[in-house]
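What follows is a short report on a single structure.
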């Protein structure tokens, strides 16, 4: 808990998201952009056994209380999930609706780390602005 991101077989299965396409690269990026948001959360709760237990309990409480109160979405609406979703929302904003044609997605797909870094550097101001805007929206609703 808190230092590893686990993937189920669907992510590697060529019939699903492991087909090597630009679309699957985009899906992987979106998923990872969300999941890495949980890493600083886990660190905040603590890396020892008690911290990990508190982190898991916080999720259970958030999901459980939302379910009992019939607040939907139960999972995606929980505060920890909304906070973790910041990276995914920023990525969606910056890449836009034609993700498979976006040069940054192509660079990730090709493994061109220099091009990815160049794109990130060139878009730093936009990334920071999108983070601030989404942080305000995700953490105040």
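Per-structure values
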item	result
Test: residue in the range 30-41 that is more than 20 Å from residue 86 (Cα to Cα) and either part of a helix (DSSP H, G or I) or not assigned by TED's automatic domain parsing to the domain that holds residue 91 (or both)	no
Enumeration of residues in the range 69-89 that are part of a loop (DSSP other than H, G, I, E, B) and either surrounded by 15 or more Cβ atoms within 10 Å (Cβ to Cβ) or free of Cβ contacts under 8 Å to residues at least 12 places away in the same chain (or both)	69, 70, 71, 72, 73, 74, 76, 77, 78, 85
Filter result for residue 65 (over 24 Å from residue 127 (Cβ atoms), at pLDDT 95 or above and loosely packed, with under 14 Cβ neighbours inside 10 Å)	yes
The range 1-29, subset assigned to a loop (DSSP other than H, G, I, E, B) and closer than 22 Å to residue 80 by Cβ, residue nearest to the chain's Cα centre (by Cα)	5
Lone qualifier among 114, 107 - being more than 18 Å from the chain's Cα centre (by Cα), at pLDDT 95 or above and either outside the structural domain of residue 139 (by TED's automatic domain parsing) or exposed (fewer than 11 other Cβ atoms within 10 Å of the Cβ) (or both)	114
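The values are calculated or read from the model by the stated rules, or taken from the named source; none is laboratory data. Quick caveat, the model's predicted, so the values are computed rather than measured. For neighbour counting, all protein chains shown are included, and Cβ atoms are generated from backbone atoms with ideal geometry for every residue, glycine included.
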